[in-house]
Amino acid sequence: MANLGIRADRSGTVEMRRVACRGILKAHRMLSGGSLSDTTVHNARKEIRKSRAAVRLLRVALGDARFQRENARLRDAGRALNEARDAKVLVTTLDSLRKCHPRLERDQGFAALSERLREQQRTSRRHLNAPTAVPIAVARRTLEQTQFSASQWPVGHRGWSKLGPAFKRVYAAGRRAARQSRDRPDDDLLHEWRKQVKYLRHALQVFGPLQPSKLKKRARLARRLADSLGHGHDLVLLRDSAVSSVGEAIPKIKPLLAAIDQRRRTLRQQAFDLGDRLYADSPRDMDKRLQRYWHRWREQVK
């Protein structure tokens, strides 16, 4: 995890800017290569997400107006890649569901949906490398513009005084989303919680060098939680796709919908259990702990 993190011999805000720039550059290179694949797009989206996590940690240093502007750019670049991502995820989610419920193999509604989703994936793959692939061009152009501006961000040469309040805000947002999701497990709230967990996970990775053994363990916990919430969100997309494909003929896919709903309940409870562990500390206590790690870590290079 150390190669994902910041270095102790540089100022914290400058290092965080470097982390953000690195993700933007890597995503742009991935999308500017030769023939694009599902994997390339997936990896580019991950790099954009890492950069957005770093930008969140620079929120205090950048100021709210600049943060909102730069975050919106990166958000738009990621959204431009959603179609390719969703086409692949729907197929893999359906295949995973079949492994959990082998009886679906013999279900006509399952077979029809599987064929339709695979055709959509084939179409999406063709669009990726078409000369008129507007979403990819939009993502590349947005990343190119952001790459230039990011290198000039006026973040100063500061440490925990700027990074700490931003990290505390990330942690508190995730903890609040966890509570809201448990009180009212709405799909939109769960999806928002998932995004906040990913920001926290990437923040923990970036800060990993401060206390590798403890923060690496917490980052793994965040990843497990993000995966549970992510799989649940993918099942929501799959359910919506299944319902839209049959119109009024819902009874034809009842076994499929029952399997989806059962798996979602399991994943949701798993997420709640993991969330209780990840967000056990108050934002204040979590901030104090990382502040101690930060100052000890900085002392080692003096």
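The table for this structure:
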| item | result |
| --- | --- |
| Condition broken by GLU15, with the remaining ones in (1) free of Cβ contacts under 8 Å to residues at least 12 places away in the same chain; (2) open to solvent by 10 Å² or more (accessible area, probe 1.4 Å) satisfied | (2) |
| THR39 without any contact (Cβ under 8 Å) to a residue 60 or more places away in the chain, β-branched (Val, Ile, Thr) and out of contact with any Lys or Arg (no Cβ under 6 Å at 6 or more places or on another chain) | yes |
| Search result, residues across the stretch 92-115 that are surrounded by 14 or more Cβ atoms within 10 Å (Cβ to Cβ) and charged (D, E, K, R) | ARG98, ASP107 |
| Residue ID - surrounded by the most Cβ atoms within 10 Å (Cβ to Cβ), chosen from residues in the stretch 210-248 that are over 22 Å from MET286 (Cβ atoms) and among the hydrophobic types (A, V, I, L, M, F, W, C) | LEU238 |
| Residue among ARG284, ARG298, ARG289, ARG220 that alone is under 21 Å from GLY12 (Cβ atoms) and free of Cβ contacts under 8 Å to residues at least 24 places away in the same chain | ARG289 |
| Residue in the stretch 199-210 that is over 23 Å from LEU58 (Cα atoms), in contact with a helix residue (DSSP H, G or I) (Cβ under 6 Å, 6 or more places away or on another chain) and free of Cβ contacts under 8 Å to residues at least 60 places away in the same chain present | no |
| Filter result (touching a Lys or Arg at 6+ places or on another chain (Cβ under 6 Å) and not in a loop (DSSP other than H, G, I, E, B)) within the stretch 122-170 | THR142, THR146, ALA166, VAL170 |
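The values are calculated or read from the model by the stated rules, or taken from the named source; none is laboratory data. None of these values were measured; they are calculated from a predicted model. Please note: Cβ atoms are built from the backbone with ideal geometry, for glycine as well, and neighbour counts cover all protein chains shown. Just the protein is used for accessible areas: all its heavy atoms, side chains included, with ligands, DNA and RNA removed. Shrake-Rupley method; radii C 1.70, N 1.55, O 1.52, S 1.80 Å.
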